[in-house]
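Data block below; observations after.
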Amino acid sequence: MNERTLAAFNKVPEVTIAFWLIKILSTTVGETVADFLAVQVGLGASVTTAIMVAILAAALWFQLRASRYVPWIYWLTVVLVSIVGTQITDILTDRLEISLYASTVAFGLGLMAVFALWYASEKTVSIRTIVTKRRESFYWLAILLTFALGTAAGDLATEALGLGFTLGVFIFGAMILAFAAAYYLGANAILTFWLAYIATRPLGASLGDLLSQSRTYGGLGLGTIYTSIVFLTVIACLVAFVTLRPPVGSMKQPWRPN
């Protein structure tokens, strides 16, 4: 396939500013919705995870059946993966009492194993060539592990190491900017993309906690309900924007993970 044909059948959106904004917002929603259902509603971590896994399975079914990239299905799946990834880490930490150090290392090794298997099978881990079911399966497994890893690493930094939510937002935001700068200076596009993608999870989690947690715990006290509603609304507007914008090929991509 030539580049235009690959772009037309690729199941992953263009990597634009809107892509990064929706990704960060979706990770924040993953943090706040998971906390809302598990704590405020009182479902608990196990029930919340079971419900979200079932909904995620349905979303993945539609996503995998789609012949091309469909914005609302794709981003709904990302939000659900974010919630499930958050819950997996929370269950390991809160229920099974596995340290954040151990879970961060375990998820990191798991993600590297997925990338190794993906590359061995497809000779690429680029998100610009997700045009087969097998590649898409590797992609979504990697995405789930990036969310779980990002949650564990974010909690490790902001809670276990005591950096706090505000400092966490600045640190992880700076990391993403550093990866972007490295890309524009000639660093490997695929590597810098995935590193930035992983860093968006702890950034979103730190931002969600900063906005929703009470002032007693270092947050702004907006609550999980209002934070989730605002961010979901912004996500919906951005998804509508990327759905209605000019077709692929008529806009320049700021980040091309070849």
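The values are calculated or read from the model by the stated rules, or taken from the named source; none is laboratory data. Given the structure is predicted, the values throughout are model-derived calculations rather than measurements. FYI the Cβ positions are ideal-geometry reconstructions off the backbone, even for glycines, and counts take in every protein chain you see. Side chains included, ligands, DNA and RNA excluded: accessible areas come from the protein's heavy atoms. Shrake-Rupley method; radii C 1.70, N 1.55, O 1.52, S 1.80 Å.
Side notes on the structure shown:
- Residue in region 63-78 that is open to solvent by 40 Å² or more (accessible area, probe 1.4 Å) and touching a Lys or Arg at 6+ places or on another chain (Cβ under 6 Å) present: yes
- Residues of region 150-168 satisfying the condition of being open to solvent by 20 Å² or more (accessible area, probe 1.4 Å), in contact (Cβ under 8 Å) with a residue 12 or more places away in the chain and under 20 Å from Asp90 (Cα atoms): Ala153, Leu156, Glu159, Ala160, Gly164, Phe165
Let's see how each residue does on (1) of a type in the set (A, V, I, L, M, F, W, C); (2) without any contact (Cβ under 8 Å) to a residue 60 or more places away in the chain; (3) open to solvent by less than 60 Å² (accessible area, probe 1.4 Å); (4) within 18 Å of Asp209 (Cα to Cα):
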site: Glu31; (1), (2), (3), (4): no, no, yes, yes
site: Val41; (1), (2), (3), (4): yes, yes, no, yes
site: Ala59; (1), (2), (3), (4): yes, yes, yes, no
site: Gln87; (1), (2), (3), (4): no, yes, yes, yes
site: Val105; (1), (2), (3), (4): yes, yes, no, no
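- Against the numbered list (1) touching an Asp or Glu at 6+ places or on another chain (Cβ under 8 Å); (2) open to solvent by 20 Å² or more (accessible area, probe 1.4 Å), Ala178 comes up short only at (1).
- Selection count where residues are more than 20 Å from Val12 (Cβ to Cβ), surrounded by fewer than 19 Cβ atoms within 10 Å (Cβ to Cβ) and in contact with a helix residue (DSSP H, G or I) (Cβ under 7 Å, 6 or more places away or on another chain), scope region 107-139: 2
- Candidate set from region 183-211 (those that are aliphatic (A, V, I, L, M) and surrounded by fewer than 16 Cβ atoms within 10 Å (Cβ to Cβ)); member that is nearest to Thr86 (Cα to Cα): Leu191
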